[in-house]
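> The structure that follows is given in the form of structure tokens.
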Amino acid sequence: MTRLKQAQPESRSETFCTYLAKQFIAKKGFELARVPEVQRLQDACEIVLTRSGYSFDILCMVDREARPNAIFDIGAEELREIGRACLKYAGEVNRRKMPVSIGVLEVGPRSPEQEPRLLHLKRTSLLAKVLPFAMIVDTVACEVWDNTTNWLSKGLYESFIEKLLVAPRESEANLAPTVVATAPPSFPILAPAILLALSAVFAAEIAFGIGPWTKLLQPTITTLVALGGVSGSLVLQPSEWYRLFSAPFLHVDAGHLAMNAIGLFLAGRALESLIGRAWFGALYVVGALGGTSLSVLLNPPSIISAGASGAIMGLFAAMLVLSMHFPAGLIRTRLQLDAFYVLLPSLLPLASALQGHKVDYAAHFGGAIGGAIVGVVLLGSWSRNEALPGLRQIAGAIGIAGVIALAYPALSVLRGYQGMAFASQLIPSDKFPKTSADMRARAAELIAQYPHDPRPRFSRAADLLDSNDPVGAEREARAGLAEEDAWRSLLSEHVGTGLRVMLAIAIYRDRPEAARSTARTACATLKDGPLRKLLDERKLCGT
């Protein structure tokens, strides 16, 4: 029970019960009851209000100012039966039917018999689907009593009523139900288009992956790096900033893509028609950049991150903020529950892995922060007379800039991918021979396993020359040099130099001029050492 200091003036043209009902309709999204299942309540009370959302809320108001001896005479079990009949009007969350709440409010001067009579009108268990509660609104002492310790009912109803008991009554104009202009419902277009792009990129990860994919169509880390995955060491040290834009289009496996597809579908269904495609696209871009940026700043530099989760968190964070644009009722409730349903498990570290991969909470928080900031800006500038938020030109510019910005990552990824794809075909460092003798002994074996690596071909060509097989040496040297454009940036320049020396020596007897032309680069590079000695012995560096 809460006692307030200021009392209402006694002279009123309407009872406080009627005024309170108008306040519930104007400020809390209630309406006069129209469903037939509450007829028994309407017979017992002056006013019955209902509110539809994921739950179904009923308020039964007894006007003890108009009828001083009036009481709510429906028993607890009958009240629960009415509630069970109204369950069909409640929604579902995660396939679970939401409850029906029935509040009994006796409004007017208080009497001693009320508390014992109303005390039993409460929920029977934590799992009950019908949630009765009772309140006494004492208009004389300006006190509110309720029979429950439920903080939710206190926050939704008791505090609201307490303020009305002491505040000056508002005019009829201020109590008109809030009407918010909304765009006509439409099928989302941008969200499916984004999902199609994400799916196409994932198909490319599998089709052009570097190394074999594993369970759940999981591409290798090398594939993610080559196609634009983000990490602190890649973005900050080589200054590959394009990865901030490319990483949100990649996914670590099919399960990762499926989870984000569900989130994107839910966001598109709930948000795209409400705010328009321009702002939906802008929010996606801001959330994506916010996610990758915070991921780079907070995660260890060696961690590779990828995925559209940051962008999707941005959409749901904005959804939560923008729900306050709508009056209490179905639209606001659905937006908030959709947002909480995704944001809570995504932002709280309740699960540490998705199919064996750690969750990048930094990206989730970064996207949510970006979306929330944009949502606050929109909320402040969105007139309730406008069906869509304003500043749509700015939103369109952000979306177009995001699309244009993808052109640079696409070109950079293409260039980097070619190098990394070829690098995957070279001898791994842990399998590379430790000595030149070991290399020469295993050259034929290594060429068979790694035909694109030029280094064992140099050793094989040298062996063939020692065996007086210049034709075989020429063949190996030319095969090693054939893909020089692909490996030049990956290997030491001495590899190309050595292969040219082998080729020049192999052909110098039959084609001396061609041999001197082939050796020219090596002659300019080598000033001494065994290879220079071989060239000098055959006078291939002479004028």
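The values are calculated or read from the model by the stated rules, or taken from the named source; none is laboratory data. Here the structure is a predicted model, which is why all the values come from computation and not from measurement. Because the Cβ atoms are built from the backbone with ideal geometry, glycine has one as well, and the counts that use them run over all protein chains shown.
> In this structure, does Val377 turn out to be aliphatic (A, V, I, L, M), surrounded by 13 or more Cβ atoms within 10 Å (Cβ to Cβ) and at pLDDT 85 or above?
Criteria met by Val377.
> Right, here's the next one. Yes or no: Gly366 outside any helix (DSSP H, G or I), touching a residue at least 24 places away in the same chain (Cβ under 8 Å) and crowded, with 20+ Cβ neighbours inside 10 Å?
No: the conditions fail for Gly366.
> I would also like to ask the following. Among the helices (runs of 4 or more DSSP H) contained in segment 382-450, which hold 1 or more residues that are surrounded by 17 or more Cβ atoms within 10 Å (Cβ to Cβ), at pLDDT 85 or above and not assigned by TED's automatic domain parsing to the domain that holds Ile194?
436-449
> Which is touching an Asp or Glu at 6+ places or on another chain (Cβ under 9 Å), part of a helix (DSSP H, G or I), more than 16 Å from Gln425 (Cβ to Cβ) and modelled with pLDDT of 90 or more, of Ala514, Ala506?
Within the list Ala514, Ala506, the selection yields Ala506.
> Could I ask something else about it? For segment 180-189, indicate whether the set of residues that are farther than 30 Å from Gly29 by Cα and either part of a loop (DSSP other than H, G, I, E, B) or not β-branched (Val, Ile, Thr) (or both) is non-empty.
So far as segment 180-189 goes, yes, one or more of its residues are farther than 30 Å from Gly29 by Cα and either part of a loop (DSSP other than H, G, I, E, B) or not β-branched (Val, Ile, Thr) (or both).
> Does Leu234 satisfy the condition of being over 20 Å from Asn299 (Cβ atoms) and crowded, with 17+ Cβ neighbours inside 10 Å?
No; evaluated as a whole, the condition is false for this residue.
> Let me ask something else. Where in segment 28-117 are there strands (runs of 3 or more DSSP E), lying wholly inside it, with at least 1 residues that are of a type in the set (Phe, Trp, Tyr)?
Qualifying strands (runs of 3 or more DSSP E): 56-63.
> Would you be able to say whether some residue in segment 70-92 is touching a residue at least 24 places away in the same chain (Cβ under 8 Å), touching a Gly at 6+ places or on another chain (Cβ under 6 Å) and β-branched (Val, Ile, Thr)?
The answer is no, given that none of the residues of segment 70-92 is touching a residue at least 24 places away in the same chain (Cβ under 8 Å), touching a Gly at 6+ places or on another chain (Cβ under 6 Å) and β-branched (Val, Ile, Thr).
> I'd like the residue in segment 122-142 that is under 19 Å from Phe72 (Cα atoms), more than 39 Å from the chain's Cα centre (by Cα) and not hydroxyl-bearing (Ser, Thr, Tyr) and, out of all such residues, is surrounded by the fewest Cβ atoms within 10 Å (Cβ to Cβ).
Here the residue is Lys122.
Each row is one residue, and each column tells you yes or no for (1) hydrophobic (A, V, I, L, M, F, W, C); (2) under 21 Å from the mean Cα position of the chain (by Cα).
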| position | (1), (2) |
| --- | --- |
| Tyr157 | no, no |
| Leu165 | yes, no |
| Thr223 | no, no |
| Ala226 | yes, no |
| Val230 | yes, yes |
| Gln237 | no, no |
| Ala254 | yes, yes |
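> Give just the number: which of (1) buried (at least 17 other Cβ atoms within 10 Å of the Cβ); (2) out of contact with any strand residue (DSSP E or B) (no Cβ under 9 Å at 6 or more places or on another chain); (3) hydroxyl-bearing (Ser, Thr, Tyr) does Thr214 not satisfy?
Against the list (1) buried (at least 17 other Cβ atoms within 10 Å of the Cβ); (2) out of contact with any strand residue (DSSP E or B) (no Cβ under 9 Å at 6 or more places or on another chain); (3) hydroxyl-bearing (Ser, Thr, Tyr), Thr214 comes up short only on (1).
> For segment 143-158, give me the residue count where each residue is surrounded by 12 or more Cβ atoms within 10 Å (Cβ to Cβ) and either at pLDDT below 90 or in contact with a Phe, Trp or Tyr (Cβ under 7 Å, 6 or more places away or on another chain) (or both).
Residues flagged as surrounded by 12 or more Cβ atoms within 10 Å (Cβ to Cβ) and either at pLDDT below 90 or in contact with a Phe, Trp or Tyr (Cβ under 7 Å, 6 or more places away or on another chain) (or both) within segment 143-158 amount to 9.
> Would you point out the residue of segment 465-480, among those that are surrounded by 17 or more Cβ atoms within 10 Å (Cβ to Cβ) and of a type in the set (A, V, I, L, M), that is nearest to Tyr450 (Cα to Cα)?
Ala479
> Just one of Ser246, Ser231 is touching a residue at least 24 places away in the same chain (Cβ under 8 Å), in contact with a helix residue (DSSP H, G or I) (Cβ under 6 Å, 6 or more places away or on another chain), closer than 20 Å to Ile312 by Cα and of a type in the set (S, T, N, Q); which is it?
Ser246
> So how many residues does segment 50-63 have that are among the charged types (D, E, K, R) and at pLDDT 95 or above?
Number satisfying all stated conditions: 1.
> Return a yes/no flag: does segment 202-220 have any residue that is at pLDDT 90 or above, touching a helix residue (DSSP H, G or I) at 6+ places or on another chain (Cβ under 9 Å) and in the same structural domain as Asn385 (by TED's automatic domain parsing).
The answer is yes, given that some residue of segment 202-220 is at pLDDT 90 or above, touching a helix residue (DSSP H, G or I) at 6+ places or on another chain (Cβ under 9 Å) and in the same structural domain as Asn385 (by TED's automatic domain parsing).
> Here is a further query. Restricting attention to segment 303-342, and to residues there that are assigned to a loop (DSSP other than H, G, I, E, B) and more than 9 Å from the chain's Cα centre (by Cα), which single residue is surrounded by the most Cβ atoms within 10 Å (Cβ to Cβ)?
Ala306
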